[in-house]
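Enquirer: One structure, as structure tokens, below. Some questions next.
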Amino acid sequence: MTVSESDRLHSQLSRFEDMFPGYRMEIVEGAIVMSPLKPHHARTIRLLWNALEVQLSQEWGFISDVAVPFDGDNEFCPDLAVLPAAEADKNLSAYPPDLIELAVEVVSPSSVRNDYEVKDRAYARRGIPHYLIFDPYKAQCTTLWNPGPDGYRGRDVIPYGETVVVETGIGKLSLDTAPLPVDPGTAA
């Protein structure tokens, strides 16, 4: 993608954000992707944020739905990302992916391929050590670690109701999935 194409997409993205409140928008593979958000999406993010915040030292902070440019075709907005507090406190409109220690995505119907495939490869290529995918439609969490050039080499799937444990460079993190909401129309 050229600089002018990137500028055009960013201009469109700004207009769409004003026109479509309640949608999450990011640039994925050179296209603007809009995902409608349901209440269980925001609730999942809030519950995970709260659970992580009490486990991490004050040296670590959070961003949510803030742009993280990866390359010319991708500018993701992780649902939740853990990075150094000093950086998170800068309140930027975009953050470099190299700062992220843990990325979290909550699946929505339109983000399935992006969350499970596109971001798996992109986050791993940029060396984000841990990536968690919470899926309220399958009632499960996929944990990914050991980033490589083609995606994460390690992965586990934990059903909701169990505890997700992630051994990170910033400490051992435990997330109880029992209180996480599921989509009543599609979860098994």
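Enquirer: Among the residues of the stretch 88-120, count how many are surrounded by 16 or more Cβ atoms within 10 Å (Cβ to Cβ) and either charged (D, E, K, R) or not in a helix (DSSP H, G or I) (or both).
Expert: Residues flagged as surrounded by 16 or more Cβ atoms within 10 Å (Cβ to Cβ) and either charged (D, E, K, R) or not in a helix (DSSP H, G or I) (or both) within the stretch 88-120 amount to 13.
Enquirer: Give me the pairs, please: first residue somewhere in the stretch 41-53 and in contact (Cβ under 8 Å) with a residue 12 or more places away in the chain and assigned to a helix (DSSP H, G or I), second residue anywhere and surrounded by fewer than 21 Cβ atoms within 10 Å (Cβ to Cβ) and aromatic (Phe, Trp, Tyr), beta-carbon distance under 8 Å, and either six or more positions apart or on two chains.
Expert: Trp49/Phe62; Leu52/Phe62
Enquirer: Taking Val107, is it under 26 Å from His40 (Cα atoms), touching a helix residue (DSSP H, G or I) at 6+ places or on another chain (Cβ under 7 Å) and among the β-branched types (Val, Ile, Thr)? Spell out the reasoning first.
Expert: Values: under 26 Å from His40 (Cα atoms): yes; touching a helix residue (DSSP H, G or I) at 6+ places or on another chain (Cβ under 7 Å): yes; among the β-branched types (Val, Ile, Thr): yes.
Taking the combined requirement at face value, the residue satisfies it.
Enquirer: Mind checking which residues of the stretch 79-101 are modelled with pLDDT of 95 or more and small (Gly, Ala, Ser)?
Expert: If the condition is that a residue be modelled with pLDDT of 95 or more and small (Gly, Ala, Ser), then Ala81, Ala85, Ala86 are the ones that fit.
Enquirer: Additional query: Out of the residues in the stretch 121-173 that are among the aromatic types (Phe, Trp, Tyr) and either assigned to a strand (DSSP E or B) or touching a Pro at 6+ places or on another chain (Cβ under 6 Å) (or both), state the one that is nearest to Leu99 (Cα to Cα). Can you show your working first?
Expert: Here is the first cut: in the stretch 121-173, the ones among the aromatic types (Phe, Trp, Tyr) are 123, 131, 134, 137, 145, 152, 160.
Checking which are either assigned to a strand (DSSP E or B) or touching a Pro at 6+ places or on another chain (Cβ under 6 Å) (or both) leaves us with 131, 134, 145, 152, 160.
Working: Tyr131: 13, Phe134: 21, Trp145: 16, Tyr152: 18, Tyr160: 29 Å.
Of everything passing the filter in the stretch 121-173, Tyr131 is nearest to Leu99 (Cα to Cα).
Enquirer: Another question about this same structure. Among the residues of the stretch 121-161, which ones are among the small types (Gly, Ala, Ser) and either surrounded by fewer than 17 Cβ atoms within 10 Å (Cβ to Cβ) or at positive phi (or both)? Lay out the reasoning, then the answer.
Expert: So the first thing to find is which residues in the stretch 121-161 are among the small types (Gly, Ala, Ser), and the list is 122, 124, 127, 139, 148, 151, 154, 161.
Those that are among the small types (Gly, Ala, Ser) and either surrounded by fewer than 17 Cβ atoms within 10 Å (Cβ to Cβ) or at positive phi (or both): Gly127, Ala139, Gly148, Gly151, Gly154, Gly161.
Enquirer: Kindly check whether there is at least one residue in the stretch 118-125 that is basic (Lys, Arg), in contact with a strand residue (DSSP E or B) (Cβ under 7 Å, 6 or more places away or on another chain) and free of Cβ contacts under 8 Å to residues at least 40 places away in the same chain.
Expert: So the first thing to find is which residues in the stretch 118-125 are basic (Lys, Arg), and the list is 119, 121, 125.
Within this subset, residues satisfying the condition of being in contact with a strand residue (DSSP E or B) (Cβ under 7 Å, 6 or more places away or on another chain) are 119, 121.
In the following step, the residues that additionally are free of Cβ contacts under 8 Å to residues at least 40 places away in the same chain were identified as 121.
Yes, because at least one residue in the stretch 118-125 is basic (Lys, Arg), in contact with a strand residue (DSSP E or B) (Cβ under 7 Å, 6 or more places away or on another chain) and free of Cβ contacts under 8 Å to residues at least 40 places away in the same chain.
Enquirer: Moving on to the next point. Would you say Thr168 is in contact with a Leu (Cβ under 8 Å, 6 or more places away or on another chain), surrounded by 12 or more Cβ atoms within 10 Å (Cβ to Cβ), in contact (Cβ under 8 Å) with a residue 12 or more places away in the chain and closer than 15 Å to Val104 by Cβ?
Expert: Values: in contact with a Leu (Cβ under 8 Å, 6 or more places away or on another chain): yes; surrounded by 12 or more Cβ atoms within 10 Å (Cβ to Cβ): yes; in contact (Cβ under 8 Å) with a residue 12 or more places away in the chain: yes; closer than 15 Å to Val104 by Cβ: yes.
Here the answer is yes, as Thr168 does meet what is asked.
Enquirer: Residues to consider are Pro96, Pro159, Pro129, Pro149; find the one that is in contact with a strand residue (DSSP E or B) (Cβ under 9 Å, 6 or more places away or on another chain), closer than 22 Å to Val68 by Cβ and free of Cβ contacts under 8 Å to residues at least 40 places away in the same chain.
Expert: Values: Pro159 fails: closer than 22 Å to Val68 by Cβ; Pro129 fails: free of Cβ contacts under 8 Å to residues at least 40 places away in the same chain; Pro149 fails: in contact with a strand residue (DSSP E or B) (Cβ under 9 Å, 6 or more places away or on another chain).
Answer to the check: Pro96.
Enquirer: Restricting the stretch 64-83 to residues that are under 17 Å from Val107 (Cα atoms) and outside any strand (DSSP E or B), which is farthest from the chain's Cα centre (by Cα)?
Expert: Of everything passing the filter in the stretch 64-83, Val66 is farthest from the chain's Cα centre (by Cα).
Enquirer: Note down all Cβ pairs under 9 Å where the first residue falls in the stretch 57-73 and is among the acidic types (Asp, Glu), the second is at pLDDT 90 or above and part of a strand (DSSP E or B), and they're at least six residues apart or on different chains.
Expert: From the stretch 57-73, the pairs are Glu59/Pro84; Asp65/Leu80.
The values are calculated or read from the model by the stated rules, or taken from the named source; none is laboratory data. Only a predicted model underlies this, so the values are computations on that prediction, with no experimental measurement involved. Because the Cβ atoms are built from the backbone with ideal geometry, glycine has one as well, and the counts that use them run over all protein chains shown.
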